[in-house]
Amino acid sequence: MVAGEAEELSPVEHSERLIKTVQGPKRMVVYQESRHSVGNVPAANLGPFPPILVADWMADRLAGKSFPNEHWFVRSNGQIDKTPI
């Protein structure tokens, strides 16, 4: 799941509650100061670029690669804070 911290259509707390109910591998990436369209903020420009992040994630899943269940918070300086889900 990719979300903006200032998501106006589905507040991030609802997305966090949803991701906790998902069975199986999961990752939630939240971009600081971003809105619903996730982009055009420093976090998306200096951190992982959202479309490439999603494409790489999909390619890895199709290749059968595993990954840790994590919550990523991408800060406006591009730093990623990772915590387990």
Condition first: under 17 Å from Glu5 (Cβ atoms) and of a type in the set (Val, Ile, Thr). Now tell me which residues in region 39-68 satisfy that. Val41
Single residue of region 20-37 satisfying the filter (at pLDDT 95 or above and under 12 Å from the mean Cα position of the chain (by Cα)) that is surrounded by the fewest Cβ atoms within 10 Å (Cβ to Cβ): Arg27
How many residues are over 22 Å from Pro51 (Cα atoms) and small (Gly, Ala, Ser) if we restrict to region 14-38? 1
Result of the Cβ filter at 7 Å on region 1-30, keeping first residues that are in contact (Cβ under 8 Å) with a residue 60 or more places away in the chain and closer than 19 Å to Met58 by Cβ and partners that are part of a loop (DSSP other than H, G, I, E, B) and among the basic types (Lys, Arg), at least 6 apart or interchain, is Ile19/Lys26
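The values are calculated or read from the model by the stated rules, or taken from the named source; none is laboratory data. Not measured: the values here are computed from a predicted model. Every residue, glycine as well, gets a Cβ built from its backbone with ideal geometry; the counts of neighbours run over all protein chains shown.
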